[in-house]
Amino acid sequence: MIRLRRVYDPPDPAEDGVRVLVDRLWPRGLAKAEAKVDEWPRAVTPSAELRKWFHAGGSREEFRARYEAELAEPEAVAALAHLRALAGQGTLTLVTAVRTPESSHASILAELLTAPT
């Protein structure tokens, strides 16, 4: 099972399973001990260039296409395989600093992780 949560929300040890930060930058104002993040695979996070492009007014559809292209790079493919393996062992929670994880890159990543390979 793959869950999406805000990294700023209190961790739920009974429900979260493995917590994976899927943001390129560490969340502002949050201590690492407080975040309870188990892994931080930067290879599956959107590049700085892609984030800047999107925040300058890029479309969600084009963002998705560009993000999926980034995730096709060898380092990202290996990181995705690792995350799929973790999800196969139990709950995997993708945490992000964005206000609505369900409409962010984290949701795209979750879809890709659950899609047949």
Q) Looking at the stretch 35-60, which of its residues are within 11 Å of residue 108 (Cβ to Cβ) and without any contact (Cβ under 8 Å) to a residue 60 or more places away in the chain? A) 46, 60
(Q) Need pairs with beta-carbon distance below 8 Å; first residue under 14 Å from residue 88 (Cβ atoms) and within the stretch 106-117, second basic (Lys, Arg); sequence gap 6+ or separate chains. (A) 113/84; 117/84
Q: Among the residues of the stretch 88-104, write down those that are crowded, with 21+ Cβ neighbours inside 10 Å and in a helix (DSSP H, G or I).
A: 101
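Being of a type in the set (A, V, I, L, M, F, W, C) and surrounded by 14 or more Cβ atoms within 10 Å (Cβ to Cβ) is the filter; apply it to the stretch 31-45 and report the residue that is farthest from the chain's Cα centre (by Cα).
Quick first cut of the stretch 31-45, residues of a type in the set (A, V, I, L, M, F, W, C) only: 31, 33, 35, 37, 40, 43-44.
Now restrict to residues that are surrounded by 14 or more Cβ atoms within 10 Å (Cβ to Cβ): 35, 37, 40, 43-44.
Working: 35: 14, 37: 12, 40: 9, 43: 10, 44: 7 Å.
Only one residue tops the list, namely 35.
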Q. Based on what the data block shows, is residue 4 outside any helix (DSSP H, G or I) and either of a type in the set (D, E, K, R) or touching a residue at least 40 places away in the same chain (Cβ under 8 Å) (or both)?
A. yes
**Q.** Residue among 78, 56, 48 that alone is out of contact with any strand residue (DSSP E or B) (no Cβ under 9 Å at 6 or more places or on another chain), at pLDDT 95 or above and of a type outside the set (Val, Ile, Thr)
**A.** 78
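The values are calculated or read from the model by the stated rules, or taken from the named source; none is laboratory data. Please read these numbers as outputs of a predicted model, since none were measured by experiment. Quick reminder, even Gly has a Cβ in these numbers, built from the backbone with ideal geometry, and neighbours come from all protein chains shown.
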